[in-house]
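Okay, so here's the structure we're looking at.
The values are calculated or read from the model by the stated rules, or taken from the named source; none is laboratory data. Treat the numbers as computed from the prediction; the structure is a model and nothing was measured. Cβ placement follows ideal geometry from the backbone for every residue including glycine, while neighbour counts extend to all protein chains displayed.
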Amino acid sequence: MSMFNRWLITLLYLTAGTTLQAGEGPSLGTPLSAGEVAAADITVMPDGEGLPTGSGTAKTGTSVYLANCMACHGEKGTGGINDTLVGGHGSLTSDRPQKTIGSFWPYATTLFDYVRRAMPYQTPGSLANDEIYAVTAYLLYLNDIIDQDKELNAETLPEVKMPNHDNFVWAYSP
């Protein structure tokens, strides 16, 4: 008899005669408070809904990038051990498409959301809102999408038009 079958028989034996009613669970975990749920609800929508307070420019984002991103993505978003972040303009229809922030991503707000959730790789979620706005501005600047002095915040970031924005087609209409 396999180990899995032994485990399954043991589980069935232990739960014999036990029934769960609809809506009941296995009594695991603890309920979250409204505040805990709100703290984890950090989704940023393409139109900017959900963006936090804060601001930053490419000038201030340079130091944030060098300290937190360069080791994986290279000095200016290329040549690192992980994904290339800069370049690839016009390559999507070629034999060797290069999907970078500047060539592929449809919304600047998506970049902010991704950096906020997943970066830096070794300590995701450790950057302050001002640092996230700043590094987002720096990456958009490196991709020739915004000027170095452009301040990004909850009002200005959704206004940034990405080069590949019009090449995405929604599969479902609202």
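A few points about this structure:
- Lone qualifier among Val86, Val115, Val64, Val135 - being within 19 Å of the chain's Cα centre (by Cα), modelled with pLDDT of 95 or more, part of a loop (DSSP other than H, G, I, E, B) and β-branched (Val, Ile, Thr): Val86
- Yes/no for Leu92 being assigned to a loop (DSSP other than H, G, I, E, B), in contact with a Ser or Thr (Cβ under 7 Å, 6 or more places away or on another chain), buried (at least 19 other Cβ atoms within 10 Å of the Cβ) and aliphatic (A, V, I, L, M): no
- Qualifying residue in the range 27-48 (condition: within 30 Å of Val169 (Cα to Cα) and of a type in the set (Ser, Thr, Tyr)): yes
- Meets criteria (among the small types (Gly, Ala, Ser) and free of Cβ contacts under 8 Å to residues at least 24 places away in the same chain) for Gly125: yes
- Residue among Ala38, Ala58 that alone is surrounded by 10 or more Cβ atoms within 10 Å (Cβ to Cβ) and modelled with pLDDT under 95: Ala38
- Residues located in the range 113-131, provided they are surrounded by fewer than 17 Cβ atoms within 10 Å (Cβ to Cβ), within 18 Å of Leu85 (Cβ to Cβ) and of a type outside the set (A, V, I, L, M): Tyr114, Arg117, Tyr121, Gln122, Pro124
- Among (1) of a type in the set (S, T, N, Q); (2) surrounded by fewer than 20 Cβ atoms within 10 Å (Cβ to Cβ); (3) farther than 18 Å from Thr53 by Cβ, the one test that Asn143 misses: (2)
- In the set Gly48, Gly80, only one residue is surrounded by 10 or more Cβ atoms within 10 Å (Cβ to Cβ) and under 21 Å from Met162 (Cβ atoms); that residue is Gly48.
- The one condition from (1) in contact with a helix residue (DSSP H, G or I) (Cβ under 8 Å, 6 or more places away or on another chain); (2) surrounded by 17 or more Cβ atoms within 10 Å (Cβ to Cβ); (3) without any contact (Cβ under 8 Å) to a residue 12 or more places away in the chain that Gly74 does not meet is (1).
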